[in-house]
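Asks: So that we are looking at the same thing, I have put the structure below in structure tokens.
The values are calculated or read from the model by the stated rules, or taken from the named source; none is laboratory data. Computed from a predicted structure; not experimentally measured. In this analysis, Cβ positions are derived from the backbone assuming ideal geometry, glycine residues included, and neighbour counts consider all displayed protein chains. In case anyone asks, the SASA skips ligands and DNA or RNA and just uses the protein heavy atoms, side chains included. Shrake-Rupley method; radii C 1.70, N 1.55, O 1.52, S 1.80 Å.
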Amino acid sequence: MADALMRQIEMLRHVPRQGKISPQQLHRRLADLGYDTTERTVQRDLQALSAMVPILCDDESKPHGWYWSKTAPVWNLPGLSLSEAFAFQLLEKFSSNLLPSGIGEQLQPYFIAAREQVNREVGPSLARNWLRKVRCVEPGQPLLPASASAEVLREVHAALMQNRCLQIRYRSPEADERTVHPLGLVQHGQIFYAVVNYDGYPDIRLIALHRIRKAKVLEQEVVTPPGFDLDHYIAQGGLGFGEYGKAVKLTIRMSNYAGEHLKETKLSEDQVITDTGPGEVRVVASVQLTRRLRWWLLAFGPDVEVVAPAKLRDEMRKQLCAALERYEGPTGVRS
């Protein structure tokens, strides 16, 4: 009896909330875990369990498969601790808009379980007081999240877990289908990017998930570039949108007000800040030359001056001159 109960508990752990799993797949997983059973027993167990817990069978398309109802509560042993419940409440209130489309829906049962757990342990009134006194503020201009389809997300996650290639249609429904080797998934602000190689090309590319119109996992295994490491790729400016790996020694003059935060949050480990006169500092740091760096510098307006490298200084000068020309022109729509 105990063996049967443990087998059924293990079966329920493997039934997904997204997608489905067939009795044959469940039987193989149970066998790998050391359970001696048959496919017929697995089918009987699933039918019996469906009368007690909200698991459903998709028998309209082959292969038939089982999945949890979208409205099913979290089925978990042991239950959420109070600290885990608070963490889920913070995620729901302040970071759910950062989650790609589909992931938030999958987490709804956990959000519901978290609210119930907090209400049970501290009471609804105290829980509301706590949430009213906690806030998360984005450092930049708030933007609405880009929406990627749930189907695309499932295929991308599956490809990453299985180390398989993806066949994708990018940007438009009419675009040609291409094969990519997914190397990683990175969230940057409100957008999720897949780090990939296009099949047959060595260079590493970033593709936005919300621009993938169609995705399908292939049997072809991913070929990882020699020495590739996702953390190293990011540290070397891979998410800076271009010019990956181009390190420069940046020298800038800043107003004291603008440069104050760099004394606490450095540009690099070798950063040096020197007072150069009334109300001004000189900052020298090794950085990656990226579009993100250029956007950051331009955001300071007249409070920063690029001294070196000379090429970047010239770029900033041209950008600011173009901005000045725009503002000195007539207000309104240009002809």
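Asks: Are any of the residues in segment 31-48 open to solvent by less than 60 Å² (accessible area, probe 1.4 Å), closer than 24 Å to Leu153 by Cβ and in a loop (DSSP other than H, G, I, E, B)?
Replies: no
Asks: Of the residues Glu328, Glu264, Glu269, Glu305, only one is closer than 23 Å to Gly189 by Cα and charged (D, E, K, R); which?
Replies: Details: Glu328 fails: closer than 23 Å to Gly189 by Cα; Glu269 fails: closer than 23 Å to Gly189 by Cα; Glu305 fails: closer than 23 Å to Gly189 by Cα.
It is Glu264.
Asks: When the residues of segment 107-116 are filtered to those that are at pLDDT 80 or above and touching a helix residue (DSSP H, G or I) at 6+ places or on another chain (Cβ under 6 Å), which remaining residue is nearest to Ala72 (Cα to Cα)?
Replies: Phe111
Asks: Looking at the structure I just gave you, is Phe86 closer than 30 Å to Gly189 by Cβ, modelled with pLDDT under 80 and either basic (Lys, Arg) or out of contact with any Leu (no Cβ under 8 Å at 6 or more places or on another chain) (or both)? Give the steps one after another, and end with the answer.
Replies: Values: closer than 30 Å to Gly189 by Cβ: yes; modelled with pLDDT under 80: no; either basic (Lys, Arg) or out of contact with any Leu (no Cβ under 8 Å at 6 or more places or on another chain) (or both): yes.
Criteria not met by Phe86.
Asks: Continuing with this model, one more query. Here are Arg291, Arg253: which of them is in contact (Cβ under 8 Å) with a residue 24 or more places away in the chain and either small (Gly, Ala, Ser) or open to solvent by less than 100 Å² (accessible area, probe 1.4 Å) (or both)? Walk me through how you get there before you give the answer.
Replies: Details: Arg291 fails: either small (Gly, Ala, Ser) or open to solvent by less than 100 Å² (accessible area, probe 1.4 Å) (or both).
Exactly one of Arg291, Arg253 is in contact (Cβ under 8 Å) with a residue 24 or more places away in the chain and either small (Gly, Ala, Ser) or open to solvent by less than 100 Å² (accessible area, probe 1.4 Å) (or both), namely Arg253.
Asks: Would you say Ser125 is of a type in the set (Gly, Ala, Ser) and modelled with pLDDT of 75 or more?
Replies: Details: of a type in the set (Gly, Ala, Ser): yes; modelled with pLDDT of 75 or more: yes.
Here the answer is yes, as Ser125 does meet what is asked.
Asks: If we scan segment 13-22, do we find a residue that is in a helix (DSSP H, G or I) and over 25 Å from Pro109 (Cα atoms)?
Replies: Residues of segment 13-22 that are in a helix (DSSP H, G or I), as a first pass: 13-14.
Cutting the leftovers down to over 25 Å from Pro109 (Cα atoms) gives us none.
No, that holds for no residue.
Residue by residue, here is whether (1) aromatic (Phe, Trp, Tyr); (2) touching a Pro at 6+ places or on another chain (Cβ under 9 Å); (3) modelled with pLDDT under 90 holds:
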| site | (1), (2), (3) |
| --- | --- |
| Ala215 | no, no, no |
| Gly237 | no, no, yes |
| Tyr244 | yes, no, yes |
| Val272 | no, no, no |
| Val287 | no, no, no |
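Asks: Specify the residue that is nearest to Ala150 (Cα to Cα); the eligible residues are those in segment 169-220 that are hydroxyl-bearing (Ser, Thr, Tyr) and surrounded by fewer than 19 Cβ atoms within 10 Å (Cβ to Cβ). Spell out how you get there, then give the answer.
Replies: Narrowing segment 169-220 to residues hydroxyl-bearing (Ser, Thr, Tyr): 170, 172, 179, 193, 198, 201.
Retained after the next criterion (residues that are surrounded by fewer than 19 Cβ atoms within 10 Å (Cβ to Cβ)): 170, 172, 179, 198, 201.
On the way: Tyr170: 16, Ser172: 17, Thr179: 20, Tyr198: 23, Tyr201: 28 Å.
Top of the filtered list is Tyr170.
Asks: Can you name the residue in segment 129-151 that is in contact (Cβ under 8 Å) with a residue 24 or more places away in the chain and among the aliphatic types (A, V, I, L, M) and, of all such residues, is surrounded by the fewest Cβ atoms within 10 Å (Cβ to Cβ)?
Replies: Leu144
Asks: Would segment 222-241 turn up any residue that is in a strand (DSSP E or B) and surrounded by 14 or more Cβ atoms within 10 Å (Cβ to Cβ)?
Replies: First, the residues of segment 222-241 that are in a strand (DSSP E or B): none.
No, segment 222-241 contains no residue that is in a strand (DSSP E or B) and surrounded by 14 or more Cβ atoms within 10 Å (Cβ to Cβ).
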